[in-house]
1. If r is the Cβ-Cβ distance from Glu250 to Ala168 and R0 is 30 Å, what FRET efficiency results, to the nearest 0.05?
2. In whole Hz and in residue order, list the ³J(HN,Hα) couplings for region 263-270 that follow from phi through the Karplus curve 6.51 cos²θ - 1.76 cosθ + 1.60, θ = phi - 60°; x for Gly and Pro.
3. Relative to the present Cα-Cα distance, how much length would full extension add between Val211 and Asp59 at 0.36 nm per residue of separation?
4. Where does region 156-283 land on Rg(C-alpha)/(2.2 N^0.38 Å)?
5. On full extension of the chain, what length is gained from Thr76 through Tyr226, given 0.36 nm per residue of separation minus the C-alpha to C-alpha distance?
6. Principal axis extents for region 208-277, Cα atoms only, whole Å, descending order, please.
7. How much solvent-accessible surface does Ser153 expose, in Å² to the nearest 10, with a 1.4 Å probe and all protein chains in place?
8. Using a probe of 1.4 angstrom, how much of the accessible area of region 209-280 is carbon and sulfur, in percent?
Amino acid sequence: MKLAPVLPYALARPVGTQEDGVVGEHNEDQEHAVEPARPPITAEQAREITAGLREAMDDVRRSVAVLAARVRDAHTARVWLPLGHASWEAYCAAEFGISRAQAYRLLDVARALAAIHGAVTAGTETSRTRDTGPAAATALDYGLSQRALIAVSARSADLAELITRRLATLSHSGLQALDEPTVRAVVRQAVRDVRTAPPPVPADPSADPAVAALRRVVDDLAASSYAIGELMLEVAPAYLSDTDAADILELLCEQIGEPLEHGLAARRYAMSGDRRALHGTIL
């Protein structure tokens with residue numbers, strides 16, 4: 001098993017905090033070095049260069065997916081033991097010359113991709129037969145960067161639950177075909193939502209009965225808003241912007257007697273699980 005061809009990208013050290021997790025998307029604040037002027041090219045040449053760049057990006061993403069699947073299998077099989085290494089990090093250092101931090105970043109990427117693949121498999125009701133070969137690994141290409149996968153790896157269970165629920169909602173509504181672009185859009189949006197939403201902080205019970213009662217009222221209101229948000233997501237899926245969703249939801253909100261801004265806020269809450277989405281509207 002040779003991992004060298006894909007290690008340079010997959011082990012690149014994450015930098016910055018603003019990248020949104022999609023390979024090929026650019027942060028406008030990033031500075032660029034000035035390149036020397038070149039002779040102008042034709043539109044046809046520009047299209048050829050763009051096609052080659054797109055193909056190279058696709059190759060990189062597929063390579064990361066293949067690497068992640070093989071890392072997962074190697075770690076599950078504890079391959080370091082029969083080879084005489086004391087641990088996973090010792091195995092990676094001896095066999096591939098990578099650091100302890102890099103070795104565990106590999107596992108983070110593998111864990112996140114496995115969670116996504118499992119959620120998509122469950123949400124689209126496809127075969128659950130576990131196939132870890134390279135051909136199956138390429139199916140894990142959702143256009144996500146290594147940095148994004150590492151960022152959500154610690155919350156992979158939350159991510160998987162979110163993807164499964166949204167795919168199931170779309171499937172049951174019958175309003176959207178679960179084709180490859182739709183599934184890809186759902187996965188990418190779920191990754192963004194998990195990355196931006198803080199983990200829930202459990203509230204300590206208050207000794208004041210009035211405060212405890214008020215907290216229960218707020219919790220009940222949030223639960224009702226979440227249910228409304230799920231309804232909104234059936235009609236306006238999560239990958240639609242607020243502007244596009246508003247055009248679709250305006251009539252629905254009018255029919256159920258809910259202000260549009262409340263419906264959009266509930267939809268954002270159902271997408272993220274973050275109650276701050278309700279501030280200024282419902283709460």
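1. 0.75
2. x, 5, 5, 5, 4, 5, 5, 5
3. On the way: separation 152, 0.36 × 152 = 54.72 nm, distance 5.61 nm.
Between Val211 and Asp59, full extension yields an extra 49.1 nm.
4. Relative to the rule-of-thumb radius for its length, region 156-283 sits at 1.12.
5. On the way: separation 150, 0.36 × 150 = 54.00 nm, distance 3.76 nm.
So the chain would gain 50.2 nm between Thr76 and Tyr226.
6. Between the extreme Cα coordinates on each principal axis of region 208-277 lie 44, 24, 16 Å.
7. That residue has around 10 Å² of solvent-accessible surface.
8. Here carbon and sulfur together make up 58 percent of the probe-accessible area.
The values are calculated or read from the model by the stated rules, or taken from the named source; none is laboratory data. As the structure is a prediction and not an experimental result, all values here were calculated from the model. Methodologically, a virtual Cβ is constructed for each residue, glycine included, from the backbone with ideal geometry; neighbour enumeration extends over all protein chains shown. Calculation scope for accessible area: heavy atoms of the full protein, side chains included, ligands and nucleic acids excluded. Shrake-Rupley method; radii C 1.70, N 1.55, O 1.52, S 1.80 Å.
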